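Below: one structure, written as structure tokens.
The values are calculated or read from the model by the stated rules, or taken from the named source; none is laboratory data. These figures come from a predicted structure and were not determined experimentally. Cβ placement follows ideal geometry from the backbone for every residue including glycine, while neighbour counts extend to all protein chains displayed. What goes into the accessible areas is simple: the full protein's heavy atoms, side chains included, and nothing from ligands, DNA or RNA. Shrake-Rupley method; radii C 1.70, N 1.55, O 1.52, S 1.80 Å.
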Amino acid sequence: MEATQSLRFYQLWMLLVGLVISGQYFGWNAALTGVSLFTLMCAWLWVSVFYCLYMYCYVRLAVRCPQVGGVMAFAGMALGPLAGEVAGWAAFIQYCFTFVAILAVVGVYAHALL
């Protein structure tokens, strides 16, 4: 008997928020030193709109294509198996480098604290 699990809307939303926070958190801190607060708030507003649309689209795709595979399954369903394979490898490489970059920044912060 095969066990199947599915994510609910709130769980998918939290995963996407986690991706956004881990990927963008450190860039906002650097921007605070180089631009005015008004410019940063305008950029924050635009990025918030785009991320809300991104999360909405990603959740809708997850509902439409509920199998495991994420972006690989979505691209494969829309553009064919070769596009799915390319998208899957691109996502894998992104996750590998994102993990290393976040650990490097956390290491710099930990070094500064200690």
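Being exposed (fewer than 13 other Cβ atoms within 10 Å of the Cβ) and at pLDDT 85 or above, is that true of even one residue in the stretch 94-110?
no
Within the stretch 67-89, count every residue that is of a type in the set (A, V, I, L, M) and touching a residue at least 12 places away in the same chain (Cβ under 8 Å). Please lay out each step first, then the result.
Let us first name the residues in the stretch 67-89 that are of a type in the set (A, V, I, L, M), namely 68, 71-73, 75, 77-79, 82-83, 86-87.
Still in the list and also touching a residue at least 12 places away in the same chain (Cβ under 8 Å): 71-72, 75, 77, 87.
Of the residues in the stretch 67-89, 5 are of a type in the set (A, V, I, L, M) and touching a residue at least 12 places away in the same chain (Cβ under 8 Å).
Just one of (1) surrounded by fewer than 13 Cβ atoms within 10 Å (Cβ to Cβ); (2) within 19 Å of W13 (Cβ to Cβ) trips up F38, so point out which.
It fails just one condition, (2).
Is at least one residue of the stretch 33-54 assigned to a helix (DSSP H, G or I) and modelled with pLDDT under 80?
In the first step, residues of the stretch 33-54 are kept if they are assigned to a helix (DSSP H, G or I); the result is 33-34, 37-54.
Pick out the ones that are also modelled with pLDDT under 80 and you get 33-34.
Yes, the stretch 33-54 contains a residue that is assigned to a helix (DSSP H, G or I) and modelled with pLDDT under 80.
Against the conditions (1) aliphatic (A, V, I, L, M); (2) open to solvent by 80 Å² or more (accessible area, probe 1.4 Å); (3) under 13 Å from the mean Cα position of the chain (by Cα), where does M77 fall short? Just the number, please.
Condition (3) is where M77 drops out.
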